[in-house]
1. Please give the helix 54-79 orientation as an angle from the longest Cα principal axis of the chain, in degrees from 0 to 90, rounded to the nearest 10.
2. Given only helices, namely DSSP H runs of n ≥ 4 each adding -39500 (n - 2.57), what is the per-residue ellipticity at 222 nm of the chain, to the nearest 500 deg cm²/dmol?
3. Binning at 5 angstrom from zero up to the longest distance, how are the C-alpha pair distances of region 5-79 distributed in percent?
4. Can you check what the net charge comes to around I54, using other residues whose Cβ is under 15 Å from the Cβ of I54 (Lys, Arg +1; Asp, Glu -1)?
5. Leaving ligands, DNA and RNA out of it, report the carbon-plus-sulfur percent of the accessible area of region 35-79 at a 1.4 Å probe.
6. In degrees, nearest 10, range 0 to 90: what is the angle between the Cα axis of helix 5-23 and the longest Cα principal axis of the chain?
Amino acid sequence: MKLTPLNIVLACVLTWIISELGSGQLLLPWWQVALLIGSILLADILFRVFIKDIKKLWILEIVFVLVSGILAVGLRIFWN
């Protein structure tokens, strides 16, 4: 299994969730956590299937993570 940016993001998300469980203050319900993990895994699998060149895979996954993060912050600001 090759290391990709979405694998790194998934590891960070799982670390965050585990650390929140230790403090007893999970910010998201379980179904949202499962949906987040599932969507990251699905996106990683789809990128790997359609993009064979590892350099292009890294670039596109980094762009995907950045755009997703910017959209999430923008939606959070817009709706609050």
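The values are calculated or read from the model by the stated rules, or taken from the named source; none is laboratory data. Here the structure is a predicted model, which is why all the values come from computation and not from measurement. Ideal geometry is used to build each Cβ from the backbone, glycine not excepted, and the neighbour counts take in all protein chains shown. Accessible surface is based on the protein model in full, side chains and every heavy atom, while ligands, DNA and RNA are left aside. Shrake-Rupley method; radii C 1.70, N 1.55, O 1.52, S 1.80 Å.
1. 30
2. Computed ellipticity for the chain at 222 nm equals -29000 deg cm²/dmol.
3. 3, 14, 20, 23, 19, 12, 6, 2, 0
4. On the way: positive: K2, R48, K52, K55, K56; negative: D44, D53, E61.
Result for the local shell: +2.
5. The value for region 35-79 is 83 percent carbon and sulfur by accessible area.
6. 20
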